[in-house]
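Q: Right, I'll just put the structure down here and ask away after.
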Amino acid sequence: MPEQPHGPSQPQPLQDLDEWESFLLDRYPQPDQMSTFRDYGDNVRPGVREFYRLNHTHQSLDFVRAKEREFLGKTREKMGIWEAMEYLNTLVDDSDPDTELTQIEHLLQTAEAIRADGHPRWFILTGLIHDLGKILCLWGEPQWAVVGDTFPVGCRYSDKIVFHEFFRDNPDWNVPEYQTPCGIYEPACGLDTVHMSWGHDEYLYNVVKDHLPEEALAMIRYHSFYPAHREGQYTELMNDRDRYRFEWVRKFNPYDLYSKGHEPPDVAELRPYYEDLIAEYFPAKLAW
Ligand SMILES: [Fe+2]
């Protein structure tokens, strides 16, 4: 099949979106499970490798700008938060429905883990909604443009990004202006002015940005920005606000990565609590 970078008909290399997160668990194991660490380069499934190849090949500055134009007008739907959670739950993939938790169950697990640790209400709410941008899949977007570790475009790709070698096939690789440490940006300009690779993080950030505190918005926009929050890269673009916000992004990461157990939460029992929490911050309908 010829490769089609933009259509839903192209191959979907991951068995499901969770397979990317399983890969992250291998790469960033919990501290008490370090003995199980494996070299991702040799043991990674071919589908995961292919997923990163497509991501790194196609996430160019032009691609990101085109997706921003396509989606950030937010003219597709008017939906409330819980409604968007139910919509995301219709995402059907190849995983075994008897063993995998639903998307709503994953979101509730993350939120409940944050709640159990006594964090502020906006933090719990952020856990609940942080992956809602994955509804991009339901609009035909390919996996590599919905999930994956994110990174700035328009400047050099950090060599700490997994499968860095696949960037050689990105059209931006051959644009010298884009391959300096700051690229098209000014040093210390702040990440607000930086184009991030396109995916569920950037999309949801733009949907909810008028309704949550800046710490919550940073958690949403940067939760997959592993090159920064786990590898310490891209400090040359950051300002003082970013350094403050990344303290919170790092607090959020363990809940994103390590909160997903095998026990499904009781959705019906939890729903009233979360409906109240949603209503505290969000209008009944949001533009998507
Ligand atoms: Fe996510």
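Q: So which residues in the range 200-233 are within 11 Å of the ligand (Cβ to nearest atom) and in a loop (DSSP other than H, G, I, E, B), if there are any at all?
A: Hits for the range 200-233 are H223, S224, F225.
Q: Looking only at the range 189-199, decide whether some residue is within 16 Å of the ligand (Cβ to nearest atom), in contact with a strand residue (DSSP E or B) (Cβ under 9 Å, 6 or more places away or on another chain) and under 28 Å from F282 (Cα atoms).
A: yes
Q: Let me ask something additional. Could you check the range 234-286 and list, in sequence order, the residues that are within 16 Å of the ligand (Cβ to nearest atom), among the charged types (D, E, K, R) and either surrounded by fewer than 13 Cβ atoms within 10 Å (Cβ to Cβ) or outside any loop (DSSP other than H, G, I, E, B) (or both)?
A: Passing the criteria: R250, K251, D256.
Q: Determine whether the range 140-154 contains at least one residue that is within 16 Å of the ligand (Cβ to nearest atom), closer than 14 Å to V249 by Cβ and either not acidic (D, E) or not in a loop (DSSP other than H, G, I, E, B) (or both).
A: yes
Q: Within the range 191-216, track down each residue that is buried (at least 21 other Cβ atoms within 10 Å of the Cβ) and more than 18 Å from A145 (Cα to Cα).
A: Residues satisfying the conditions are L191, V208, A216.
Q: Still on this structure, please answer the following. Every residue in the range 120-130 that is touching a residue at least 40 places away in the same chain (Cβ under 8 Å) and either touching a Gly at 6+ places or on another chain (Cβ under 9 Å) or not in a helix (DSSP H, G or I) (or both), please.
A: Correct list: H130 only.
Q: What's the total number of residues in the range 159-183 that are surrounded by fewer than 17 Cβ atoms within 10 Å (Cβ to Cβ) and part of a loop (DSSP other than H, G, I, E, B)?
A: The total comes to 5.
Q: Another question about this same structure. Kindly establish whether A111 is under 21 Å from I220 (Cβ atoms), away from the ligand (no atom under 16 Å from the Cβ) and among the small types (G, A, S).
A: No.
Laboratory data are not the source of any read-out in this text; all were calculated from the coordinates shown. Just so it is clear, the structure is predicted and the values come from calculations on it, not from any experiment. When we count neighbours, we look across all protein chains shown, and the Cβ atoms used for this are built from the backbone with ideal geometry, even at glycine.
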